[in-house]
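Written out below as structure tokens is the structure these notes cover.
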Amino acid sequence: MNTIKIPTLPAGLPAVAALLLAGLLAHPVYAGIYKWTDAAGEVHYSQTRPPGDTPAEVIEGTSPPPDPAAVHQEQQHLQDRLDAMDGRRKAEQEAAGLEKEREEVAKADEKNCITARNNLVKLQQGGTKRYLTPEGDVVRLTDNERARHINETHSQIEMYCSP
């Protein structure tokens, strides 16, 4: 009687093969779908290639539905990026607004400085000159009133003409 010797697999190979098979089965495969027409003119659809050398059109399968947790995580990541961009844009706008406000204040201070210096020159000239009040009245200042106005004008010059 003849005996048939069956080859044995190296130790550990069945375990590796089992892990590979389990890994393949754990991930769904979304392969294309084959479409072909047989000799009788009938159209077939299949997930396997047609028999022989029959020409077939490959129709791409759909991708698996996304994992809801991954979608939520990606949405949160994108929202965080948008929030950061909005924060930077708001800070830039505030900085631009502050700079514009500083420029306007500087222009107003420059005009007030010129006005205060002109007023000081007029007040120091002395004599019985007439002056226009903020209310629109024309008055003649006494020496005490002129001295008080000169002191106020010096304060205005310090306030508006300082660098």
Residue within segment 78-101 that is over 30 Å from Trp36 (Cβ atoms) and in contact with a strand residue (DSSP E or B) (Cβ under 8 Å, 6 or more places away or on another chain) present: no
Take the residues in segment 103-122 that are touching a Ser or Thr at 6+ places or on another chain (Cβ under 6 Å) and either exposed (fewer than 11 other Cβ atoms within 10 Å of the Cβ) or not polar (S, T, N, Q) (or both); name whichever of them is modelled with the lowest pLDDT. Leu120
Note: among Gly136, Gly52, just one is under 30 Å from Lys35 (Cα atoms) and either of a type in the set (A, V, I, L, M) or surrounded by fewer than 10 Cβ atoms within 10 Å (Cβ to Cβ) (or both), namely Gly52
In this structure, does Val58 turn out to be hydrophobic (A, V, I, L, M, F, W, C) and assigned to a helix (DSSP H, G or I)? no
Within segment 99-117, is there a residue that is out of contact with any helix residue (DSSP H, G or I) (no Cβ under 8 Å at 6 or more places or on another chain), more than 30 Å from Arg146 (Cα to Cα) and of a type in the set (A, V, I, L, M)? no
What's the number of the only condition in (1) in contact (Cβ under 8 Å) with a residue 40 or more places away in the chain; (2) touching a strand residue (DSSP E or B) at 6+ places or on another chain (Cβ under 6 Å) that Arg117 fails to meet? (2)
So which pairs qualify, if the first residue must be in segment 136-156 and farther than 16 Å from Gln125 by Cα, the second must be part of a helix (DSSP H, G or I), the Cβ gap must be under 6 Å, and the two must be at least 6 apart or on different chains? Gln156/Ala116
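Right, Glu152: at pLDDT 90 or above, acidic (Asp, Glu) and either at negative phi or in a helix (DSSP H, G or I) (or both) or not?
On the way: at pLDDT 90 or above: yes; acidic (Asp, Glu): yes; either at negative phi or in a helix (DSSP H, G or I) (or both): yes.
Yes; evaluated as a whole, the condition is true for this residue.
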Of the conditions (1) out of contact with any His (no Cβ under 9 Å at 6 or more places or on another chain); (2) at pLDDT below 90; (3) in a helix (DSSP H, G or I), Gly126 fails just one. Which one is it? (3)
Can you name the residue in segment 25-40 that is touching a strand residue (DSSP E or B) at 6+ places or on another chain (Cβ under 7 Å) and not in a strand (DSSP E or B) and is also modelled with the highest pLDDT among such residues? Asp38
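The values are calculated or read from the model by the stated rules, or taken from the named source; none is laboratory data. This is a predicted model, so every value here is computed, not measured. Cβ: placed from backbone, ideal geometry, glycine included. Neighbour counts: every protein chain shown.
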